[in-house]
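Chemist: What follows is a single structure, and I will ask about it in a moment.
The values are calculated or read from the model by the stated rules, or taken from the named source; none is laboratory data. Note that the structure is predicted; figures quoted are calculated from it, not measured. No Cβ is skipped: glycine too gets one built from the backbone with ideal geometry, and neighbour counts run over all protein chains shown.
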Amino acid sequence: MSESRVNQFVNSLRERQAKDAQDDPAAGAAPSTRSDEGTSGVGRPIFDPQMLSKLGQLEIISSTVVDGFLSGKHRSTHKGGCTDFAEFRPYSQGDDIRQLDWRHYAKCDRYYVKRFDDETNLQALLIADASGSMQFGMSTVTKWHYAQMATACLGHLLLRQRDSVGLAVVGETLRNYVRPLPRASQLARVLNVLENTQASGESALGTSLLELTGRLKRRGMVMLLSDCFGEVAQLKHVLQQFRARGHDVMVFQILAPEELTFPFRRESFFQDLELPRRIQVSPNAIRKQYLAEFQAFQDELRASMTDAGVDFITMTTDQDIGETLARYLRRRAALKSTATARIRT
């Protein structure tokens with residue numbers, strides 16, 4: 001898709017959103033204060049045509065069974081007549097004899113009917129962390145701006161698949177919520193909320209996510225974009241609740257390169273982005289301890305996400321979003337294909 005066509009597409013979505021807001025004021029989400037994004041994010045769009053070109057025709061396929069109503073890309077809880085084999089079921093009076101499997105009859109001398117997985121649309125909820133720590137960005141865009149761009153890309157891919165897409169902006173509490181819908185104009189609503197939200201305040205990821213556990217009435221997909229700073233055990237507990245409800249959960253951890261390498265040399269003042277406090281630090285004196293503790297945090301987080309059955313990926317703001325998401329989605333699709341092949345054999 002060319003840049004000019006993408007721009008036309010985005011503009012048309014915004015026009016549709018304005019029209020829908022006039023027709024149905026309750027359909028739009030109330031925006032919060034507009035973000036200034038800091039020096040590293042000023043003037044940069046969150047919906048970049050170059051990112052979309054790198055994603056190409058990739059798809060986001062659920063690794064779990066989902067509930068839906070439209071024809072889509074994902075396995076459904078309902079059994080139908082598509083091409084993906086599900087199971088054999090003993091023949092019952094009244095079954096269509098055209099569904100009998102004669103090869104299976106030849107093996108076991110009993111009548112069996114083939115059942116197939118129907119395909120369905122997905123209900124996906126994109127959760128963007130807008131707490132104060134997401135404001136950080138030095139050599140690159142801020143983590144919040146990076147999360148905005150990644151959320152826009154994922155929303156575009158899902159809507160292109162005719163899936164329902166919703167958005168939740170979280171911080172200390174649930175700050176904004178756009179219920180999942182499969183409309184083409186839904187992307188404009190998502191973009192509007194993202195563009196008009198400023199990352200600020202304390203992080204209470206576990207508490208704010210807990211408010212969302214009952215919002216998705218059907219099994220679907222949950223995508224969290226956050227730096228995941230906070231209580232790992234609490235985050236794991238809440239994500240396990242999403243998994244227990246049958247949702248496919250993905251966590252995109254977004255970090256700045258400076259958080260990984262701690263390249264600071266001079267004695268400096270470090271400002272807390274979530275609380276009004278400032279401390280003077282000698283980087284050379286604490287670098288070794290900082291890197292060890294940060295690595296321990298990352299190891300604990302990754303292990304907890306694995307235990308919770310969550311798909312986890314770390315992204316840094318100096319990475320190209322399009323290329324990073326494309327690699328991840330290809331790897332995810334390959335793993336799903338391998339798992340499906342093993343089940344069938």
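Chemist: When you look at Lys107, is it over 27 Å from Gly246 (Cα atoms) and at pLDDT 95 or above, yes or no?
Modeler: Considered against the rule, which asks whether it is over 27 Å from Gly246 (Cα atoms) and at pLDDT 95 or above, Lys107 comes out as no.
Chemist: If you don't mind, there's one more thing I want to ask. When you scan segment 297-328, how many residues do you find that are of a type outside the set (Phe, Trp, Tyr), within 16 Å of Leu235 (Cβ to Cβ) and part of a helix (DSSP H, G or I)?
Modeler: The total comes to 10.
Chemist: Continuing with this model, one more query. Restricting attention to segment 290-336, report how many residues are small (Gly, Ala, Ser), within 25 Å of Thr142 (Cα to Cα) and in contact (Cβ under 8 Å) with a residue 40 or more places away in the chain.
Modeler: 2
Chemist: For Arg287, indicate whether it is touching a residue at least 60 places away in the same chain (Cβ under 8 Å), in the same structural domain as Arg179 (by TED's automatic domain parsing), more than 21 Å from Thr142 (Cβ to Cβ) and not aromatic (Phe, Trp, Tyr).
Modeler: When the stated conditions are applied, Arg287 does not pass them.
Chemist: Identify, please: which residue in segment 144-178 is in contact with a strand residue (DSSP E or B) (Cβ under 7 Å, 6 or more places away or on another chain) and without any contact (Cβ under 8 Å) to a residue 40 or more places away in the chain and is, among those, farthest from Phe229 (Cα to Cα)?
Modeler: Out of the qualifying residues, it is Leu159.
Chemist: May I pose another question? Got a sec? Which helices (runs of 4 or more DSSP H) wholly within segment 176-295 have at least 2 residues that are loosely packed, with under 13 Cβ neighbours inside 10 Å and at pLDDT 90 or above?
Modeler: Counting at least 2 such residues, we get 232-244.
Chemist: Only one of (1) touching a residue at least 60 places away in the same chain (Cβ under 8 Å); (2) in contact with a strand residue (DSSP E or B) (Cβ under 7 Å, 6 or more places away or on another chain); (3) not small (Gly, Ala, Ser) fails for Glu258. Which number is that?
Modeler: (2)
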